[in-house]
Amino acid sequence: MVIALTTWLFQLIPARAKLSILNIDSLRTFLITCGASWTIQRWTSCFRIKRDQFTNRFPSSMANREKIFLADVFEKVLSTTSFVLLMLAALGILGVPVTVLATAGGLGAAAVAFGAQSVVSNSLTGFSLYINRPFIVGDFIEIPSEKLSGIVEQIGWYYTQLRTYDRQPVFIPNSIFGSRSVMNISEIDSRRVIIHFSLRFNDRSKIEPIRAELLHQMSLNALIDKQHERFVILDGYGDSSLDCQLVCCSRSNDYQDALELQHTLLLLVGDVIEEMGAQMPFPTRTLIRGSN
């Protein structure tokens, strides 16, 4: 209705009062393209608000990680299509010829040569992130060289947004992911848990009974992955203690689950040491008075 009304009003304008670049056909094409762009933009906003509802409609056989990735790609495709349609509509109504576009392309290439390499690099790397998928939205990643880590909240064409442990947003240029190593912590199959504990020198004979009991209790714990290494060893002689180490892996790759397992094992170590009649040492110093 808006397009029909606008074109009808445009026909009422005297020919000499019309802009030379405008005609009925170009105006109609411009309005239709703008309408399509506006519609797609509304779709994008609706999809962004109700992302979870749309994601749940994907086939149940798909992994949750794949659903999140497809939802993110679909949103990017909609917003990019809307922008491209709007640009084409503006160029069409202005009557921009192909030669001008070619010249603009040549100027763009010159701009790249003189200082826009970072823009192109970030954009190409952003596109590569969607092709190679080293991580997706919702993954927890770490960039050791930059000492950065956090949950991926958004993967844009120019930068990627992380949310750190202390809830601070971090915006990282995509080119960093093309030249730095990235650790995807969310892809860990199971998390390793290491417990350090110490015994008195007088309890050296009780190390083996303590070790056997801890291994037995670990074999009964359903939260420990039995397919990975599990051991309790004497790690070394400290200044005032026998330093030991308990190592195992959590069945879950979730960080909070690993912390819960660590909590359980710390209490278990203390209980077993107490049951075996041993004690944990505390640092001591002996003061020797010299004779005058």
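What follows draws every value from the coordinates through simple rules; no lab data is involved. Predicted, not measured: the structure shown is a model, and the values here were computed from it. So basically every Cβ, Gly included, is an ideal-geometry build from the backbone, and we count neighbours across all protein chains shown.
Give the number of residues within the stretch 220-256 that are closer than 20 Å to Asp189 by Cβ and not in a strand (DSSP E or B). Break it down stepwise before answering.
As a first pass, look at the stretch 220-256 and keep what is closer than 20 Å to Asp189 by Cβ: 221-231, 247-256.
Still in the list and also not in a strand (DSSP E or B): 221-223, 225-230, 251-256.
Within the stretch 220-256, residues that are closer than 20 Å to Asp189 by Cβ and not in a strand (DSSP E or B) number 15.
Each row is one residue, and each column tells you yes or no for (1) under 35 Å from the mean Cα position of the chain (by Cα); (2) more than 24 Å from Glu275 (Cβ to Cβ); (3) surrounded by fewer than 15 Cβ atoms within 10 Å (Cβ to Cβ).
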site	(1), (2), (3)
Leu214	no, no, no
Ser219	yes, no, yes
Arg230	yes, no, no
Ser252	yes, yes, no
Asp257	yes, yes, no
Gln262	yes, no, no
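Go through the stretch 125-153 and give me each residue that's out of contact with any Phe, Trp or Tyr (no Cβ under 9 Å at 6 or more places or on another chain), surrounded by 14 or more Cβ atoms within 10 Å (Cβ to Cβ) and outside any strand (DSSP E or B).
Those that are out of contact with any Phe, Trp or Tyr (no Cβ under 9 Å at 6 or more places or on another chain), surrounded by 14 or more Cβ atoms within 10 Å (Cβ to Cβ) and outside any strand (DSSP E or B): Gly138, Asp139.
Just for strands (runs of 3 or more DSSP E) wholly inside the stretch 154-210: which have at least 3 residues that are hydrophobic (A, V, I, L, M, F, W, C)?
Working: elements: 159-163, 169-173, 192-199.
Fully inside the stretch 154-210 and qualifying: 169-173, 192-199.
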